[in-house]
């Protein structure tokens, strides 16, 4: 990525051969695709934390000893009773779990959402930059095609 | 002359094979480096979150499929140790990548030299035929 950007600065587009232009275009297309994939993964993570936050809020408002059904398998549920509506276990990552109350849990989700938002914004910016460069490349490529067509036309006219 | 050509050709082939192995190794190193970067990010995130906790917070560590209670202090030390380890591993891989790059450059130049030699021999032979 950084290498390419250096190339962009070092070599003006009109000095490159069409083959080189196509190669760069292909490379950038792949990069954009990869980055877009990451972005959609970010969106999934975002949705998960959003959902967790909503559920934590609801759990906080649920009275103690509330009856509930606990999923044992995907289709088997066992009746249960809510003993501690205020306490949840949060997966902090790398194998660490921490007991938190629902309010702290919501703060945790907020922090993660904030972090995700920042990363998402950064990533979107990068993708947009790449797309802009792609536009430039496409314009340059079109120019080349026109040039070749003009030369061919001239040659045909000369033959006549 | 034929012997010389054959010798050079087989040498070039051997060296190309070495170069290919080097390239394969490089790929492994780069993948390893990527993994280490991811791990270090993840641990960094956990460390930040652990730093926000109050000292009496109940922390559990997942060992196999069992959650084992651990003090916050212990967990923090553990994560720091892991980050240290990842940092060291990262340096190791970086060094390996540098070494590998240098080796690849050396191999490429030596192959190029031999190819030039081969080319010169063939040209000299053709000139002698033309005479």
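The values are calculated or read from the model by the stated rules, or taken from the named source; none is laboratory data. Given the structure is predicted, the values throughout are model-derived calculations rather than measurements. So basically every Cβ, Gly included, is an ideal-geometry build from the backbone, and we count neighbours across all protein chains shown.
Pairs are defined by a Cβ separation below 6 Å, a sequence spacing of at least 6 or placement on different chains, a first member in segment A:92-110 that is in contact (Cβ under 8 Å) with a residue 40 or more places away in the chain, and a second member that is surrounded by fewer than 21 Cβ atoms within 10 Å (Cβ to Cβ) and in a helix (DSSP H, G or I); the pairs so defined are A:102/A:59; A:102/A:60; A:106/A:53; A:109/A:49; A:109/A:52; A:109/A:53. Scanning segment B:18-68 for residues that are in a strand (DSSP E or B) and more than 8 Å from every other protein chain (Cβ to nearest Cβ) yields a total of 2.
Scanning segment A:107-122 for residues that are buried (at least 16 other Cβ atoms within 10 Å of the Cβ) and away from chain B (no Cβ under 14 Å) yields a single hit, A:120. Just to be sure, is residue A:151 under 30 Å from residue A:29 (Cα atoms), surrounded by 11 or more Cβ atoms within 10 Å (Cβ to Cβ) and away from every other protein chain (no Cβ under 13 Å)? So residue A:151 fails the test. For segment B:74-82, does any single residue satisfy the condition of being free of Cβ contacts under 8 Å to residues at least 40 places away in the same chain and in contact with a strand residue (DSSP E or B) (Cβ under 7 Å, 6 or more places away or on another chain)? Checked segment B:74-82: at least one residue is free of Cβ contacts under 8 Å to residues at least 40 places away in the same chain and in contact with a strand residue (DSSP E or B) (Cβ under 7 Å, 6 or more places away or on another chain).
All of A:69, A:39, A:56 fail the test of being modelled with pLDDT of 90 or more and outside any helix (DSSP H, G or I), apart from A:69.
The number of residues in segment B:69-78 being over 35 Å from the mean Cα position of the chain (by Cα), facing chain A (nearest Cβ under 10 Å) and surrounded by 12 or more Cβ atoms within 10 Å (Cβ to Cβ) comes to 2. If you check residue B:117 against the conditions, is it away from chain A (no Cβ under 11 Å), out of contact with any strand residue (DSSP E or B) (no Cβ under 6 Å at 6 or more places or on another chain) and surrounded by 14 or more Cβ atoms within 10 Å (Cβ to Cβ)? Here the answer is yes, as residue B:117 does meet what is asked.
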